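S.K.: If you scroll down you'll find the structure; I have some questions about it.
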Amino acid sequence: MNQNQTAGRVLPLPSVATLFFTAERCKRFRAWAKFIFLSLGLLSSRTMPAAMAQDAFQDRASHIISRFIDSSGTNPKLAFWYAQTKFYDYKVNGNTAKLAEARKQVSQALDHFNAKDPSFQLWASMDCYLRWGHLYGEALKAKTKDKMINSLLYPSHNTQNKELMAATGRYLAGETWPDASFASGYSPSDPTGKLTLLREMNEYVHLGEQEHNSYTYYALHYGSLRSLGDLAKDPEIKNKAYLTAEWLLVSAAGEWLDGHWAAAAERVYRPFRAQGQYEAGTAHLWLHFGGPYPQPETAEMHNAVQSAVSEYRLPEIIFNVAKDRHQPYTHRETHNHLVTNDRFFYLTSYLNKSYAVFSQHEACQTWPDWMYQMLRWGVCWNQAGGKSIFFVQHPNATNGKNKNQEAGYGETRYGQVLQHEKTLIGVYDIPATDKLPYLKGWIPVNYEAYVDDSEAGRIYLHYGSVMIALCLTEGFEWNAGMENFRKPAGKIGLVVETALPADYSGSTALAQLQSFKQAILRKTRMDASGIRDPKPRLTYTSLQGAVLETTYDPEDRSKNYDKINKQAVDYDHWPLLENPWVKQEYNNPALRLKYGKATRTYDFANWNVSDNTP
């Protein structure tokens, strides 16, 4: 392992016996400490000292462990992660009852290996074995070896996350029992999975993430790499996985809004959500970056047990990138999905201290079925309790295939958006033959004030942290208290403007919202004269004076007609990662982080990392 990585490792977590007491006490202590430091001028509101940040991580990790330490069950997709919390309890507390429970749970999980999603099971089994096998006992060790080498299911992997999990499970099993004769390999051309792992890690850090920014599936991509980075023996695999896993954290850090992942995403099951409503992937990010404690709790958070028990700790410079929202900024990134070799995603996120606007431009000729899980754009904001994300979609009619997918979500090929800073425009050309020929709006109802001009195609909403104006090129039906609206549509355009309430005068929320509305009516201009063209076009002059223009081409989505201030948007040179602290060009091995005087530089040609911390 590269010697510069040792700074990312720290001592184990606090005792499980004090989980509840410690978490509550430390939260109160940090609140008082932060108040005192701020009062004395010793602590910026942007970040916190490294020691306090690590203590906060340990509190969150303790919360995850305590959440699942009493979980029972034999489903091997879940049970190995539950067992890890019990092994951990024995490690730090000597709790022999939990050790017995952990061993029993692992044994039962092995008995229930099955052909439904075997990659989840094989990977989880190896992660558990390599972290805690020294506590298994000889009989359980032998049983694990027998199950792992005789499995016929390593070749079963039909999605990107399953490919990575299956390759990870098979590779780690092969390293663990190198002389064994395995009943199956990852694939005929790559029986150990090593070639697949090396290829995919190289693709991540040069071309972007598969199943990008998924609230759920990020956990499986990051988790597989975390297993390899923590547990692999081969120096090459170990080092590359360690650095690729950290690349995934860097890519998400600039999009984190204190519990919201403010980014367009390919696979999201439940996008309409509260700020602290974490799924499998966002639970990992919450552990590393912080945010409100989970509310409501979700079952998917069991995947975060891996980060909770791992010795890996986030470098301080990445933590600062995830937390500093003192000044507004724009984050951009690219993802090339090589599964079909013609699907590029160009993402934009605008963040400030209170809210974020995010979107993506898709250059895609194919539109796979799983795009019913896509979230193209949205506005999210800081809010204690209640839903705090707003978006409008043309629902994908293929949704509902997965039992976890709530009806009426997803995106189709029949629309696109363009974002500039805190303003977004979009055009849609929905065929009359589509099964769901309408736009569907998702509007949290916990606003402080609203103005309903929906008959004229406009509504204005005040959520305390953000004001939002939605303007359609046609009127639609909406009333206060409606969480959804449906607008039957063929060719239609939309505009979204956002603002901080403090930027507008008014002694009440409604007065501020009226000021915001009047500014929009006075300063902006929507030109929808081209919305009925064969290639629908919308042009809009924003509150900030920027001119946005987008044209939808139903015949060729790979073409680019987007313009900002009459200049074509240069997607050909869109960065792989870029924000005020992070810079990496697409298909370039150099990634550089700079925060204050500290720098962290990754060289993915030679697979090393170096720090310069004054």
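The values are calculated or read from the model by the stated rules, or taken from the named source; none is laboratory data. On a predicted model such as this, the values are computed, not experimentally measured, just so you know. Neighbour counts are summed over all protein chains in view; Cβ atoms, including those assigned to glycine, are modelled from backbone coordinates with ideal geometry. The area values use the complete protein model at the heavy-atom level, side chains included, leaving out ligands, DNA and RNA. Shrake-Rupley method; radii C 1.70, N 1.55, O 1.52, S 1.80 Å.
S.K.: Among helices (runs of 4 or more DSSP H) lying entirely in region 195-312, which contain 2 or more residues that are closer than 20 Å to Lys162 by Cβ and among the small types (Gly, Ala, Ser)?
M.R.: Numbers: elements: 218-231, 235-253, 280-289, 305-309.
Hits in region 195-312: 218-231, 235-253, 280-289.
S.K.: Please enumerate the residues belonging to region 560-573 that are open to solvent by 20 Å² or more (accessible area, probe 1.4 Å), in contact (Cβ under 8 Å) with a residue 12 or more places away in the chain and part of a loop (DSSP other than H, G, I, E, B).
M.R.: The answer is Asn560, Tyr561, Asn565, Lys566.
S.K.: Let me ask something else. Being of a type in the set (S, T, N, Q), under 30 Å from Arg343 (Cα atoms) and touching a Leu at 6+ places or on another chain (Cβ under 8 Å), is that true of even one residue in region 127-150?
M.R.: no
S.K.: While we're here: Here are some residues: Ala322, Ala299, Ala304. Which one is within 25 Å of Leu207 (Cα to Cα) and small (Gly, Ala, Ser)? Please lay out each step first, then the result.
M.R.: Details: Ala299 fails: within 25 Å of Leu207 (Cα to Cα); Ala304 fails: within 25 Å of Leu207 (Cα to Cα).
On inspection, the qualifying residue turns out to be Ala322.
S.K.: It is to be established whether one or more residues within region 355-363 are β-branched (Val, Ile, Thr) and either part of a strand (DSSP E or B) or in contact with a Cys (Cβ under 6 Å, 6 or more places away or on another chain) (or both). Don't jump to the end; show me each part of the working.
M.R.: Pass one, region 355-363, residues β-branched (Val, Ile, Thr): 357.
So of that shortlist, the ones also either part of a strand (DSSP E or B) or in contact with a Cys (Cβ under 6 Å, 6 or more places away or on another chain) (or both) come out as 357.
Checking region 355-363: at least one residue is β-branched (Val, Ile, Thr) and either part of a strand (DSSP E or B) or in contact with a Cys (Cβ under 6 Å, 6 or more places away or on another chain) (or both).
S.K.: Same structure, new question: Report, by residue number, each residue of region 592-608 that is touching an Asp or Glu at 6+ places or on another chain (Cβ under 9 Å), part of a strand (DSSP E or B) and surrounded by 16 or more Cβ atoms within 10 Å (Cβ to Cβ). So that I can check it myself, show each step before the final result.
M.R.: Step one: list which residues in region 592-608 are touching an Asp or Glu at 6+ places or on another chain (Cβ under 9 Å), which gives 595, 598-602, 607.
Then keep just the ones that are part of a strand (DSSP E or B); that gives 595, 598-602.
Tyr595, Ala598, Thr599, Arg600, Tyr602 - these are the residues of region 592-608 that are touching an Asp or Glu at 6+ places or on another chain (Cβ under 9 Å), part of a strand (DSSP E or B) and surrounded by 16 or more Cβ atoms within 10 Å (Cβ to Cβ).
S.K.: For region 164-176, state whether one or more residues are open to solvent by 50 Å² or more (accessible area, probe 1.4 Å) and closer than 22 Å to Asp234 by Cα.
M.R.: Here is the first cut: in region 164-176, the ones open to solvent by 50 Å² or more (accessible area, probe 1.4 Å) are none.
No, every residue in region 164-176 fails to be open to solvent by 50 Å² or more (accessible area, probe 1.4 Å) and closer than 22 Å to Asp234 by Cα.
S.K.: Run Ala449 past the list (1) closer than 30 Å to Gly530 by Cα; (2) small (Gly, Ala, Ser); (3) open to solvent by less than 20 Å² (accessible area, probe 1.4 Å) and report the number of the one that doesn't hold.
M.R.: Of (1) closer than 30 Å to Gly530 by Cα; (2) small (Gly, Ala, Ser); (3) open to solvent by less than 20 Å² (accessible area, probe 1.4 Å), only one is false for Ala449: (1).
S.K.: Same structure, new question: Within region 536-575, take every residue that is of a type in the set (Lys, Arg) and at pLDDT 95 or above and give me the one that is farthest from Gln360 (Cα to Cα).
M.R.: First, the residues of region 536-575 that are of a type in the set (Lys, Arg): 537, 557, 559, 563, 566.
Filter once more, so that each one left must be at pLDDT 95 or above: 537, 563, 566.
Values: Arg537: 18, Lys563: 15, Lys566: 20 Å.
This residue is Lys566.
S.K.: Kindly evaluate Arg486 against the criterion of being open to solvent by 10 Å² or more (accessible area, probe 1.4 Å) and in contact with a Cys (Cβ under 7 Å, 6 or more places away or on another chain). First the steps, then the outcome.
M.R.: Working: open to solvent by 10 Å² or more (accessible area, probe 1.4 Å): yes; in contact with a Cys (Cβ under 7 Å, 6 or more places away or on another chain): no.
No; evaluated as a whole, the condition is false for this residue.
Here's the yes/no breakdown for (1) open to solvent by 10 Å² or more (accessible area, probe 1.4 Å); (2) modelled with pLDDT under 95; (3) in contact with a Leu (Cβ under 6 Å, 6 or more places away or on another chain); (4) farther than 30 Å from Asp369 by Cβ:
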residue: Ala219; (1), (2), (3), (4): no, no, no, no
residue: Gly223; (1), (2), (3), (4): no, no, no, no
residue: Gly229; (1), (2), (3), (4): no, no, no, yes
residue: Lys238; (1), (2), (3), (4): yes, no, no, yes
residue: Leu248; (1), (2), (3), (4): no, no, no, no
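S.K.: Would you be able to tell me the number of residues in region 500-536 that are over 13 Å from Ala469 (Cα atoms) and in a loop (DSSP other than H, G, I, E, B)?
M.R.: 14
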